[in-house]
Amino acid sequence: MLDHEVIEAVENGEFNIWAIETVDQGLEILTGVPAGVPDESGEYPKDSVHGKVKEKLRSLMEEAAKLRRKLRKKEKDENDEENDEKNNDEKE
């Protein structure tokens, strides 16, 4: 069972215990924001926990893709410079 200190804290209003059936219920209790239910196309409401998380993940993926493109361009430019130097050395 619960420790006496926990029971006392609940009785004093210092601690709450919630019975939940799903993680979404816990998210809603902890955040005060609806977890969200996907529509027919699998999209969540933008103001829901899942909608906000999905948008953040999408944003991070876009940023990662930009960084990958930037790194590839930098590597290509460095390789081009090395090849140019080799070609110049061969001409001399």
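The values are calculated or read from the model by the stated rules, or taken from the named source; none is laboratory data. These numbers come from a predicted model, not from an experiment. Here Cβ is always computed from backbone atoms with ideal geometry, including for glycine, and neighbour counts include all displayed protein chains. All accessible areas refer to the heavy atoms of the entire protein, side chains included, with ligands and DNA or RNA removed. Shrake-Rupley method; radii C 1.70, N 1.55, O 1.52, S 1.80 Å.
If you check Glu82 against the conditions, is it on the phi < 0 side of the Ramachandran plot, in a helix (DSSP H, G or I), at pLDDT 85 or above and open to solvent by 70 Å² or more (accessible area, probe 1.4 Å)? Answer is no for this residue. Could you tell me whether any residue of the range 32-47 is assigned to a helix (DSSP H, G or I), open to solvent by less than 100 Å² (accessible area, probe 1.4 Å) and out of contact with any strand residue (DSSP E or B) (no Cβ under 9 Å at 6 or more places or on another chain)? Among the residues of the range 32-47, not one is assigned to a helix (DSSP H, G or I), open to solvent by less than 100 Å² (accessible area, probe 1.4 Å) and out of contact with any strand residue (DSSP E or B) (no Cβ under 9 Å at 6 or more places or on another chain), which makes the answer no. A single entry from Leu2, Leu57 fulfils the requirement of being among the aliphatic types (A, V, I, L, M), part of a helix (DSSP H, G or I), free of Cβ contacts under 8 Å to residues at least 24 places away in the same chain and surrounded by 10 or more Cβ atoms within 10 Å (Cβ to Cβ): Leu57.
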